[in-house]
Amino acid sequence: DSLAEKAEEEERLSRRLRDSQETIASLKSQPQQIKYIIKTVEVESSKAKQALCETQSRNQYLQEQVGMQRQVLKEMEQQLQSSQKTAAQLRAQIVMYEAELERAHGQMLEEMQAMEDEKNRAIEEAFSRAQVEMKAVHENLAGVRTNLLTLQPALRTLTNDYNSLKRQVRDFPLLLQETLRSARSEIGQAIEEVNSTNQELLRKYRRELQLRKKCHNELVRLKGNIRVFGRVRPITKEDGEGAEAANAVTFDPDDDAVLHLMHKGKHVSFELDKVFPPQATQEDVFQEVQALVTSCIDGYNVCIFAYGQTGAGKTYTMEGTRANPGINQRALQLLFAEVRSKAADWDYAITVSVAEIYNEALRDLLGKAPQEKLEIKLCPDGSGQLYVPGLTEFRVQSVEDINKVRPASGSCWQAGRQGKAALKLVGCGPDAYPGGGGFFFGSLPPGKLNLVDLAGSERVGRSGAEGGRLREAQYINKSLSALGDVIYALRSRQGHVPFRNSKLTYLLQDSLSGDSKTLMVVQVSPAEKNTSETLCSLKFAERVRSVELGPVSRKAELATWPSQEQLE
């Protein structure tokens, strides 16, 4: 192919060379042009002068054409020489390739001959080996024939056994179905017995769990322990996103009084009297509280206070919203409903007061001068009870009356303040005489319901407060530290309990003594970033739960024996 291409190229170049030579020959045959005019010729007319100029221009053009043809001719001669040189190289390569092909052809013939010899030798060896193997096969065949003659009796025996097995296999599906039916029946019966046993065990376990809880609650009542409920708020958008907003609190599915906190990679478990998960409603919380609330009608002192860091949900649990009220509003509604149900037999006088402690100053939120500082003093009647001289009390007959006199927007529950709302109930009516034999007309001792919303329990360093807010946080921290000292003293049964170390503990002395039923609702955040404060709150809750205040009692105040007219 290369030679053919080179031949075509040479043919093309030869044609161009011939064309160029013909062009040169034609140019040479033309009359020679005058390159230089030595003699000056007088031009007689403008036509002659114009013809001379045209002749000179044509002469110049022809000379340029001759130069270009010569240049082309030179290039063609160079290409021809290059082509000839390339053709010579290709002819040399062809000769070399032909020699190589000849040598390879000879080697191929030699190898084919060697392979033919090897094939013949292999065929001969295979034939010899086949003859030997065939001889061995014939010998083995003779032995097999001998064995067959020997094995015929055994074959007949095997045939009989096979026929017997075949009959058994034909009957096997029926036997298998019968066996499976019997096994299913036995297994089903066993499963029913196990399920029945499990249900009975589960019923007994739940009954024992309820009994244990009931006994525990009764023991708490007899010992006078402060009951402690825990409530975990849901994760909110204010907690942010990422690892800091991860849920660090889990619950025990079998015990609603236990929760677990993941703090610094470790699980810490806490046992309270009741734990409410984030999905618990306000109604769920109040169902556990309402029995305690109604006992103030029977003359007991009741205190419910919320504890926890800022943003943990204390105000929501205590106050709630208009559409979903908390303990405060629900307790008031329940109390007035109970009072109305007993109106035929008892006449109750209910008064309400609202106070706050702000920077260790006690203020009356219902008074005309709420900025006036009040003091806590002992009652002069020698009963040992505390009272606040000058604290405004309003007589109320319904929840609407309380909402009218209560400070707008619930100011006593603003951040940084310790808020306390107190209801005092005095009931008069017939009371059953413990020994039997008739009725006495008398009155119950005053019952009180204290609803307290404590300020945030977070440490000063974590509050980030400055200036006036820092001073406020320091007072809050001091009050809650004093509360912790009181709890420690009560728990360790010390002779002196430092109630007077702060206005908060002094005001709560009635609630933390043996004559009060006290419930603390500890509010915690489940967010990972708040685990340190959550841990502190839950540890404090466990300490509070272990405090024994002694059994709670009430005494009916009976009058003299009534006359017959009074009985009528």
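Results, tabulated for the structure shown:
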| read-out | value |
| --- | --- |
| In the stretch 256-286, the residues that are free of Cβ contacts under 8 Å to residues at least 24 places away in the same chain and within 23 Å of Ser546 (Cα to Cα) | Asp256, Val258, His260, His267, Ser269 |
| For Ala87: the one exception among (1) open to solvent by less than 100 Å² (accessible area, probe 1.4 Å); (2) more than 30 Å from Glu10 (Cα to Cα) | (2) |
| Considering residues of the stretch 178-203 that are among the polar types (S, T, N, Q) and open to solvent by 100 Å² or more (accessible area, probe 1.4 Å) only, the residue nearest to Asp254 (Cα to Cα) | Gln199 |
| Of residues in the stretch 243-253 being open to solvent by 30 Å² or more (accessible area, probe 1.4 Å) and in contact (Cβ under 8 Å) with a residue 24 or more places away in the chain, the one farthest from Arg545 (Cα to Cα) | Ala243 |
| Any hit, the stretch 285-292, residues being crowded, with 16+ Cβ neighbours inside 10 Å, modelled with pLDDT of 90 or more, touching a helix residue (DSSP H, G or I) at 6+ places or on another chain (Cβ under 8 Å) and of a type in the set (Phe, Trp, Tyr) | yes |
| Helices (runs of 4 or more DSSP H) contained in the stretch 481-568 and holding at least 2 residues of a type in the set (Val, Ile, Thr) and at pLDDT 85 or above | 531-545 |
| Number of positions in the stretch 259-293 that are farther than 21 Å from Asp453 by Cβ and over 24 Å from the mean Cα position of the chain (by Cα) | 2 |
| Test set (1) in a loop (DSSP other than H, G, I, E, B); (2) within 22 Å of Asn328 (Cα to Cα) - Gly384 fails condition number | (2) |
| Failed criterion for Gln494 (all others in (1) under 17 Å from Val452 (Cβ atoms); (2) open to solvent by 10 Å² or more (accessible area, probe 1.4 Å); (3) not aromatic (Phe, Trp, Tyr) hold) | (1) |
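The values are calculated or read from the model by the stated rules, or taken from the named source; none is laboratory data. Predicted model only: the values in this text are computed from it and were never measured. No Cβ is skipped: glycine too gets one built from the backbone with ideal geometry, and neighbour counts run over all protein chains shown. The accessibility values were calculated without ligands, DNA or RNA, using every heavy atom of the protein model including side chains. Shrake-Rupley method; radii C 1.70, N 1.55, O 1.52, S 1.80 Å.
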